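Peer 1: Following this message is one structure expressed as structure tokens.
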Amino acid sequence: MLKKAIFATTSAALLAGCQPDAEGIEDVINGYNFIRLNPPTTLYQPGSLVHRVNYDPRDRAPDDASLGFLCNPKYSTDLYEDAPLRSETESKQVSRRLSGSFSVSPVTLGQVFNLGATAAAAKTVQVSLEDATVSTYALDDLARIRAGLGPHCQATLQKNIRKQNAYQIQKILTANVSFKVTFDTSLSAEVRAAAIAELGEIGATLEKSDEVEVTGDALIYGIHWEDLAPPVEG
């Protein structure tokens, strides 16, 4: 089965030792064989059964991926008693590479955080990442989770396997993130209002008349998945 590592754009850019920008971001990802998870989230965990959304089914090695649940955690991962393991070695290695504060372009803000309206109104963006952690299940844990699925979840899973769109998350990379956005005051009130409304949806508040700071705890920036669909012959 195909296994694919997915990591956020910010981590890939930091590993490359350069600030991400709109033109070089995909080159960084491809150079490290990463796919960007869009957007970072708190929804998933090791063992989650997921499918790709808004994707080209012919593209089996995408540059970025947006995911949705195949099975409600209540009827899948929550039924499994053993908790994921924290990978101490990987956590330390990733934390050393991710921790820090750096500037990104507004375009990158839209790509990484899925904040398009905010990116349109931003003049400068400062991002800080810390406390990166890697949590994982062994492959036999994943098999036990699948074996314990109820009939409705199992039917959904099998349907998506036939569609070549079924994955199970084995490993997640999380990190605490904060970013400070300074608005471009030359833009219209409508553009600024759209950005403020978008930021309000994730709990942001204005620190100053032209500046906002947002903090997200333990957002998932990367996953390692197992592709549950067998490869198509020919």
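Peer 1: Out of the residues in the stretch 138-171 that are crowded, with 18+ Cβ neighbours inside 10 Å and aliphatic (A, V, I, L, M), which is nearest to the chain's Cα centre (by Cα)?
Peer 2: Ranking the qualifying residues of the stretch 138-171, first place goes to Ile169.
Peer 1: Scan the stretch 191-207 and tell me whether some residue there is more than 28 Å from Lys92 (Cα to Cα), out of contact with any helix residue (DSSP H, G or I) (no Cβ under 6 Å at 6 or more places or on another chain) and among the basic types (Lys, Arg).
Peer 2: No - not one qualifying residue is present in the stretch 191-207.
Peer 1: Output the residues belonging to the stretch 45-66 that are within 21 Å of Ala143 (Cα to Cα) and in contact with a Phe, Trp or Tyr (Cβ under 8 Å, 6 or more places away or on another chain).
Peer 2: Passing the criteria: Pro46, Gly47, Ser48, Leu49, Val50, His51, Arg52.
Peer 1: Going through Glu23, Glu81 one at a time, which residue ends up being assigned to a loop (DSSP other than H, G, I, E, B), modelled with pLDDT of 85 or more and charged (D, E, K, R)?
Peer 2: Exactly one residue qualifies, and that residue is Glu81.
Peer 1: Now a separate question. Looking at Lys123, is it basic (Lys, Arg), within 26 Å of Thr215 (Cβ to Cβ) and surrounded by fewer than 16 Cβ atoms within 10 Å (Cβ to Cβ)?
Peer 2: Here the answer is yes, as Lys123 does meet what is asked.
Peer 1: Would you check which residues across the stretch 39-65 are part of a strand (DSSP E or B), closer than 23 Å to Thr133 by Cβ and modelled with pLDDT of 90 or more and list them?
Peer 2: Those that are part of a strand (DSSP E or B), closer than 23 Å to Thr133 by Cβ and modelled with pLDDT of 90 or more: Leu49, Val50.
Peer 1: Can you name the residue in the stretch 185-205 that is closer than 14 Å to Gly116 by Cβ and exposed (fewer than 12 other Cβ atoms within 10 Å of the Cβ) and is also modelled with the highest pLDDT among such residues?
Peer 2: Ala197
Peer 1: Taking the options Lys159, Lys180, Lys123, name whichever one is basic (Lys, Arg), more than 28 Å from Gly47 (Cβ to Cβ) and without any contact (Cβ under 8 Å) to a residue 60 or more places away in the chain.
Peer 2: Every option except Lys180 fails the conditions.
Peer 1: Within the stretch 98-120, which residues are loosely packed, with under 15 Cβ neighbours inside 10 Å and either at positive phi or at pLDDT below 75 (or both)?
Peer 2: Those that are loosely packed, with under 15 Cβ neighbours inside 10 Å and either at positive phi or at pLDDT below 75 (or both): Gly100, Ser101.
The values are calculated or read from the model by the stated rules, or taken from the named source; none is laboratory data. This one's a predicted model, so the numbers in the text were calculated from it and none came from an experiment. Because the Cβ atoms are built from the backbone with ideal geometry, glycine has one as well, and the counts that use them run over all protein chains shown.
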